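**Q** Can you read through this structure? Questions will come right after.
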Ligand SMILES: Nc1ncnc2c1ncn2[C@@H]1O[C@H](COP(=O)(O)OP(=O)(O)OP(=O)(O)O)[C@@H](O)[C@H]1O
Ligand SMILES: Nc1ncnc2c1ncn2[C@@H]1O[C@H](COP(=O)(O)OP(=O)(O)OP(=O)(O)O)[C@@H](O)[C@H]1O
Ligand SMILES: [Mg+2]
Ligand SMILES: [Mg+2]
């Protein structure tokens, strides 16, 4: 067997006490697709950032890259060794154009002092061609959709032929079609002997492309093995250390009376003539490609946008949702797509984040009742099983899964009748994911009406009683999850099939 | 804002200093102690004299009150440069009214009513002016630093127009006797400051409004998605700041027994200096009243202490202030570096 | 200054009746200190300290700002100085704090502040209105006693500048019927900034072609206007006069851009204030004419109708002929 | 077509319209605006704010705010002038110029040291250094006006490129040589920002600092040299102001920082960093300079001038703010 391209030997990383990485040994060989799996906060991103030179590991361990031994790397060293990373948060420059975002990194690592716009442009053009990504190279990345941002990050990583390509949850925002395109490239790179380190919480992806797994838990390597050795279940158990069950978690009780009735709803350039009814005690799944208008629909139901036409009834009463507060007043809650910017005050405490939306109920004459507040916090930390000893800690000391529970708890604290979740488990590991799904079921059983917007198909089929399919802003189908397989479902969404070729 | 929230990792170490304020407050306490010690040793008698402290108690409420307002706006991620303008404009307005209600030789009764009306006008007008700032920030969405820079010019301009730049003096005696007087040796100005500070402390730590301010400052988008009414929050915050400025205007009137368009023009940057020295992040979302109060005290003691050294020119004041600020913000960094070095060997 | 200083030093130590040779602490508080004006004043103050061996020093605020000045005075009161000699930024603003000082038994002497209530004595180098009139006299001579003019002040909020300007305007009305005040812009502001004075002057010249002169007050005004005159090629067509220090304005005087500047020597004023303070502290009876032992203040008399305001013998005129004789 | 659309959408375009309107108004009110000498006067008045504007712009693009440049400039110029005057310097102006530039760079490096090492908002840092700078000048150097500059500096201030004469009134105005300095600095700044990796790095870290680190930019180094550069530009501004006044007023520049920053943001630079154009900066500065220097031409009474300036800032920034909000609505951006 050939020499590994990269080896970590006894690498550790401690953040102000937290041991993010604990004496990690790890090898990745040229031409292999290696999956790094683990729960939120298990240390994946940190390990990646150590490899890419963003974090300096604790003294003691060593990194062997392409035969050279390092105690630590700088970003430039890593890049020059042929390490390319697609970071979880994309690390793009929102203020710069697509072209510049794509070309800049390469130019820096080539140690160029001057800018040649022509060259930058040609580099960019080739880059997007590789993943046949259609985008205006002069658009500001800040104005792009989440998916396009992620595609920019991907294309950028593929420009200079890397020796090691690291992808930290590269597909969280992508549709299956885009994922397919990406995997094609991956396969191609692999055939050319490039090592690929892949982090994802989406099992079907992981199993589709990976040849070897390394599973870490609490910063320690649990096991390194082949896919054959694993099925979903065992895989999950290694990750969580608990046993795991992926049966449907859709509510079983009979749906109650209509709680949200939408008829002929429309918003210019987003969606039109959308009609459906949500009953108490049911989970309604809504899916569709990005840009199908699903997020706009959700935001219109939450008063962020005001629909141009159509009618919304809550509990039989017609309502006008002009502002978010109107929605909240009508007991509608919304768990946003991007929790970091839309969901959480990262520097504020977990407690603050939980009670923010019910502050007024917790205070008399504007004065906070500290006892009530403390009780509320205690209650929701328990009910949401948020893994924290001190709710007074800042939210950004929690992992994604736990952060998501905080957002959920915040809304449940307002005792809504209608709960809308947009990508409820994006980037959340399967352990937390399952918990969140079960929480949703309980809520439905308690008589809440729940809308789940997601393109995570297993999730969609697991949690929903009914699924609405959005295409170009119109509802084209209503699907009974029990009656379709994941393949069929994604075929309906993308118009291709999951293993089928990309148009 | 978004850049700072989008990646927790950077948020952490980029603004770490601002996140955990308590070290900063400890630092201020240490600095304060050191100052007291220094001046007691070098200027013993004169420094511990009651009159020295009374002099301070009379002086700092002027800019201290303004700083309290600025702190509120900075917690929401904004800033208020217009305090001085508001203070003078409102003072002039209420002086004008007081003079017309109780011209020279008015009966004590008239004077008293005039004073009450004057006080109400200052506070009311200050609140209005502040709300105007808030409106421009929240609704027109102009960056606060520009709004308040503009209104500083505007309000000062109005003050000049109202008085043709001349001072309005000859206020009813009762006014400066009351607001400029002493209660058991404690200057009224100081008492006013303490009252306002306590009120603001309660607002920040005990009310839902206060809690919301911090949340809004920490992440405006998330606050919006959580149903906070950022518009009214901001308007109320700047209104509060304006009110503090209005009260500061009253104190200045009491201290100078007159109102004028250009009193305290040096306070604008001083207040910002105080607030950041107090450990409030200009990015919003954090900051403690105690820190700001400590900062005010430190600066005042520095100034008064310096005036006890005839040979030291007051021009060293900015130098010392600046150095103090830089020191306060560098310490965590320096200590960190030292720790690294010591670890290495 | 030197030769005249001798006798005064004599008096202060010689007539040491009641007070004995107590070592008085006397603080002189100017408006600010970057302005060469008060740097010059400090020269006089230091000289007095040297002559008498008393602890006399100057301690000013960091910026020309009433609140800062009051702050300095408060702190000095707290230190129980024996006398305060103050050149108020804004007389009205200082009334309360000066009252405090007097209540605390401190001798208060003021300067350039004829309206001050809470002061033992106020020394004026001259009468403000008259001084304004005199500046106007110079401007008029330059303008040939005819044509349109306007006035420039440091800040519209500056009391004495406005008094001078008003005095000048009144003087022109009465003495020079052919000189008319520019009604559209009777008073412009230089913000005590040579650059602004220069820009404003240029604007005035453009907007009002028949404007012939600007009466300056602040020591920044005339030099700024002179710059404009030179650049716009209006030498001999446009005129200015105002206050200024010889050294600083040598060039423009010699170029003939400015016909004459006026001033009083702040050093002498500083010396005089200190001297008067000591007389009062020593409990000497102050009755006109008082000899404060320095040029221009040998025979200080009370302004008529006042027992507080004393007026010195007036101002100095600087022209290109005598500009070198002052040594400051 | 799209190009035109872009242009019409751009903040610079609106700013340009505002300026045109104001110019026309002034012309109508005074008949003096579009005269050769007046235009030269404006160009002249534009130099120092323009130079400062460029410096402030560079910092704002990098995601910071610098309030220390007036103090920095004053200190640099005062120290050098003081020494030269005391040593009765007779050499050419280039010597003081270079000395001032070097000192400016050193003081800028002082800023850079903090901004590149301490991870806190530069507003705080520069607030501190500004006080230190002016403190050193006024306290340690006990600065006073210097009325006689070294002859060569004096001469530089008087030197003019050409003289514009108003055919009617015969008034003349001289275009100062220092205007070339502004042109040069703007040109260099443009080249640096557009065609060097250093410049793109400034944009990059203004956009997202941690991304800049990951992309391999030497962020610390960039920040450090950025502040050195800004120090130099500020010092040049101070040199121009002093020479053209023919005197050194230590406090003449202090307090001008906020207005300069306002001009830059008027020009469309986002105060949060990452965006903004030099064209915008120049237009924003021009607008403020025009208004400041046309109050009398406009016939705005002295007492009203501060209020007028305030209104200009509010309305001016208001217009662009409303534009931005509109665009965000169109794009359905939900972030605040
Ligand atoms: N910048 C940081 N500062 C402090 N602690 C950190 C930091 N980054 C990570 N950690 C700690 O290291 C642990 C591992 O973090 P890491 O980002 O590697 O988890 P992860 O495996 O990427 O989780 P996820 O699946 O949510 O991305 C976390 O639990 C956290 O406590
Ligand atoms: N600045 C930080 N301070 C403390 N912990 C941090 C910081 N940044 C990240 N972490 C920790 O790193 C772990 C994972 O961080 P990361 O941001 O990758 O999680 P996430 O992305 O929110 O979760 P997921 O990747 O599953 O969506 C979490 O435990 C998080 O708390
Ligand atoms: Mg991660
Ligand atoms: Mg993660």
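**Q** Angle between the Cα long axis of helix B:267-277 and the longest principal axis of chain B, 0 to 90 degrees, nearest 10?
**A** 30 degrees
**Q** Quick one, can you get me the convex hull of the C-alpha atoms of region D:47-93 expressed as volume per residue in Å³?
**A** On the way: hull volume 3.9 nm³, N = 47.
So the per-residue Cα hull volume is 84 Å³.
**Q** Which of rounded, prolate, oblate describes chain C, given a ≥ b ≥ c as roots of the alpha-carbon gyration tensor eigenvalues and a/c under 1.5 marking rounded, otherwise prolate only if a/b is larger than b/c?
**A** Prolate shape, in that a/c is at least 1.5 and a/b is the bigger ratio.
**Q** How big is region A:6-240 along each principal axis, measuring the range of its Cα positions in Å and listing the largest first?
**A** 48, 37, 34
**Q** Per residue of chain C, what 222 nm ellipticity follows from adding -39500 (n - 2.57) for every DSSP H run with n ≥ 4, rounded to the nearest 500? Each step should come with its number before you reach the end.
**A** Numbers: 10 runs with 139 residues, N = 328.
Rounded to the nearest 500, the figure is -13500 deg cm²/dmol.
**Q** Starting from the Cα of residue D:94, move 7 Å in the Cα-to-Cβ direction to define the label point; list residues of region D:169-212 whose amide nitrogen is under 16 Å from there.
**A** Only D:181 pass the distance filter.
**Q** Based on the alpha-carbon gyration tensor of region D:193-262 and its eigenvalue square roots a ≥ b ≥ c, which shape applies: rounded if a/c is under 1.5, prolate if not and a/b is larger than b/c, or oblate?
**A** Details: a/c = 3.41, a/b = 2.62, b/c = 1.30.
Prolate, because a/c is 1.5 or more and a/b exceeds b/c.
**Q** Could you give the distance between the Cα centres of region A:246-282 and region C:65-82, to the whole Å?
**A** So the two Cα centres are separated by 74 Å.
**Q** With a point put 7 Å past each Cα toward its Cβ, work out how far residue A:387 is from residue A:66 in nm, to one decimal.
**A** My value for the distance between the label points is 3.6 nm.
**Q** What percent antiparallel are the DSSP beta bridges of region A:6-240, to the nearest 5?
**A** Numbers: 20 of 37 bridges.
Roughly 55 percent of the DSSP beta bridges within region A:6-240 come out antiparallel.
**Q** Cut-off is 10 Å between beta-carbons; in what order do A:211, A:77 appear when sorted fewest neighbours first? Each step should come with its number before you reach the end.
**A** On the way: A:211 14, A:77 18.
Starting with the residue having the fewest Cβ neighbours, the order is A:211, A:77.
**Q** Rounded to the nearest angstrom and ordered from largest down, what semi-axes does the equivalent ellipsoid of the protein assembly as shown get from its C-alpha gyration tensor (root of 5λ)? Please list the in-between numbers first.
**A** Values: eigenvalues 883, 237, 189 Å².
Equivalent ellipsoid semi-axes, largest first: 66, 34, 31 Å.
**Q** Shifting gears a bit: Hey, any idea what the orientation-averaged projected area of the convex hull of region A:240-330's Cα atoms comes to, in nm²? Walk me through the intermediate numbers first.
**A** Working: hull surface 32.4 nm².
So the Cα hull casts an average projection of 8.1 nm².
**Q** Another question, then. Tell me, what does the Kirkwood hydrodynamic radius of region A:260-494 come to in angstroms if you use every pair of distinct C-alpha atoms?
**A** Working: mean 1/r = 0.0550 Å⁻¹.
Its Kirkwood hydrodynamic radius stands at 18.2 Å.
**Q** Taking only C-alpha pairs under 8 Å that are 6+ residues apart, what is the relative contact order of region D:43-300 in percent? Display every interim value, and only then the final one.
**A** Values: 441 pairs, mean separation 101.0, N = 258.
39 percent.
**Q** Where does the Debye-calculated log10 I(q)/I(0) of region D:1-139 sit at q = 0.10, 0.13, 0.15 Å⁻¹, using only Cα point scatterers of equal weight, no solvent?
**A** For region D:1-139 at q = 0.10, 0.13, 0.15 Å⁻¹, log10 I(q)/I(0) is -0.56, -0.83, -0.94.
**Q** Relative contact order for chain C: what is it in percent, counting Cα pairs under 8 Å that are at least 6 residues apart? Working shown, then result.
**A** Working: 707 pairs, mean separation 64.1, N = 328.
Taking the mean separation of contacting Cα pairs over the length of chain C, I get 20 percent.
**Q** Classify chain D as rounded, prolate or oblate from the Cα gyration tensor: take a ≥ b ≥ c as the square roots of its eigenvalues, call it rounded if a/c is under 1.5, otherwise prolate when a/b beats b/c and oblate if not. All intermediate terms of the calculation are to be shown ahead of the outcome.
**A** Working: a/c = 1.81, a/b = 1.07, b/c = 1.70.
The shape class here is oblate.
**Q** Something else about it: Within a 10 angstrom radius of the beta carbon, how do B:281, C:218, D:10 rank from fewest other beta carbons to most?
**A** With the fewest neighbours first, B:281, C:218, D:10 line up as D:10, B:281, C:218.
**Q** Angle between the Cα long axis of helix A:430-445 and the longest principal axis of chain A, 0 to 90 degrees, nearest 10?
**A** So the helix axis and the longest Cα principal axis differ by about 10 degrees.
**Q** Also: Once you keep just the Cα pairs under 8 angstrom separated by 6 or more residues, what percentage relative contact order results for chain A?
**A** Details: 1031 pairs, mean separation 79.3, N = 503.
The normalised contact order for chain A reaches 16 percent.
**Q** Still on this structure, I have one more. Kindly work out what percent of the DSSP beta bridges joining two residues of the protein assembly as shown are antiparallel, to the nearest 5. Numbers along the way, then the final one.
**A** Numbers: 60 of 129 bridges.
Of all bridge pairs located within the protein assembly as shown, approximately 45 percent are antiparallel.
**Q** Separate question: What's the angle, to the nearest 10 degrees (0 to 90), between helix A:117-130's Cα axis and the longest principal axis of chain A?
**A** 70 degrees
**Q** Take residue A:372 and residue B:195, extend 7 Å from each Cα along the Cα→Cβ direction, and tell me the distance between the two endpoints in nm.
**A** 3.0 nm
**Q** Find the centroid of the Cα atoms in region C:234-257 and in region B:157-196, then give the distance between the two in whole Å.
**A** Cα centroid to Cα centroid, the span is 43 Å.
**Q** Once each part is reduced to its C-alpha centroid, what is the distance from region A:364-396 to region A:417-468 in angstrom?
**A** 24 Å
**Q** Fewest to most neighbouring Cβ within 10 Å: what's the order for C:139, B:233? Walk me through the intermediate numbers first.
**A** Working: C:139 31, B:233 21.
In increasing order of surrounding Cβ atoms, one gets B:233, C:139.
**Q** While we're here: For n ≥ 4 DSSP H runs only, could you compute -39500 (n - 2.57) per run for chain A, divide by its residues and tell me the 222 nm figure to the nearest 500? Each step should come with its number before you reach the end.
**A** Working: 16 runs with 164 residues, N = 503.
So the calculated ellipticity at 222 nm is -9500 deg cm²/dmol.
**Q** In region A:260-494, what percentage of the DSSP-assigned beta bridges are antiparallel, given to the nearest 5?
**A** Working: 21 of 38 bridges.
Approximately 55 percent, going by the DSSP bridge assignments.
**Q** So if I take the alpha carbon set of chain A, get Rg, then get Rh from the Kirkwood formula, what is the Rg over Rh ratio? Kindly include the intermediate steps, with their values, before the conclusion.
**A** Working: Rg = 23.4 Å, Rh = 24.1 Å.
Here Rg/Rh amounts to 0.97.
Throughout, read-outs are computed from the coordinates displayed, never taken from laboratory work. Just so it is clear, the structure is predicted and the values come from calculations on it, not from any experiment. FYI the Cβ positions are ideal-geometry reconstructions off the backbone, even for glycines, and counts take in every protein chain you see.
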